Amino acid sequence: EISVADTQARIAADKTVQLIDVREDNEWLAGHAAGAKHLGKGIIERDIEQEVPDKATELILYCGGGYRSALVADVLQRMGYTNAWSMAGGWKAWKDSGAATTSG
């Protein structure tokens, strides 16, 4: 796991870091971290190689509270992604930190 503060620092330091929201479509539409990509838990295994072909790319995943994203990070690591992290506290922690959000 990685904290919201560490997530923000890594994104600021390296523009290749990918912040990925793994929540359901309706959750994404209601609001998400600014700059995040949406690849829901149900499709990420199918689509990740097309979206992020370089398996060394740092991927920081988040969901509502951190459970689903931890599961996805584990799956991606088994698929060969060597730098996959789950953001601790998920969307709730991101919002509570005052970090930038958007909707739609």
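At a 1.4 Å probe, what is the % contribution of carbon and sulfur to the accessible area of the chain?
Details: 2650 of 5380 Å².
C and S atoms contribute 49 percent here.
Positive end of the dipole of region 30-82, charges at C-beta (+1 Lys, Arg; -1 Asp, Glu), about the Cα centre: which of MET79, LEU39, TYR67 has its Cα farthest in that direction?
Farthest towards the positive end: TYR67.
Probe of 1.4 angstrom, ligands and nucleic acids ignored: what's the accessible area per residue over the chain, in square angstrom?
Details: 5380 Å² over 104 residues.
For the chain, the per-residue accessible area is 52 Å².
Non-local amide H neighbours of SER3 (under 5 Å, H modeled in plane, Pro and chain starts lacking H): which ones?
The list, which skips near neighbours in sequence, is ALA88.
Considering only the chain, what is the antiparallel percent among its DSSP beta bridges, to the nearest 5? Spell out each step's value before the answer.
Numbers: 2 of 12 bridges.
Here the antiparallel bridges make up roughly 15 percent for the chain.
The values are calculated or read from the model by the stated rules, or taken from the named source; none is laboratory data. Remember, it's a predicted structure, so these values are computed and weren't measured experimentally. Virtual Cβ from ideal backbone geometry, glycine too; neighbours counted across all protein chains shown. Accessible surface areas use protein heavy atoms only, side chains included; no ligands, DNA or RNA. Shrake-Rupley method; radii C 1.70, N 1.55, O 1.52, S 1.80 Å.
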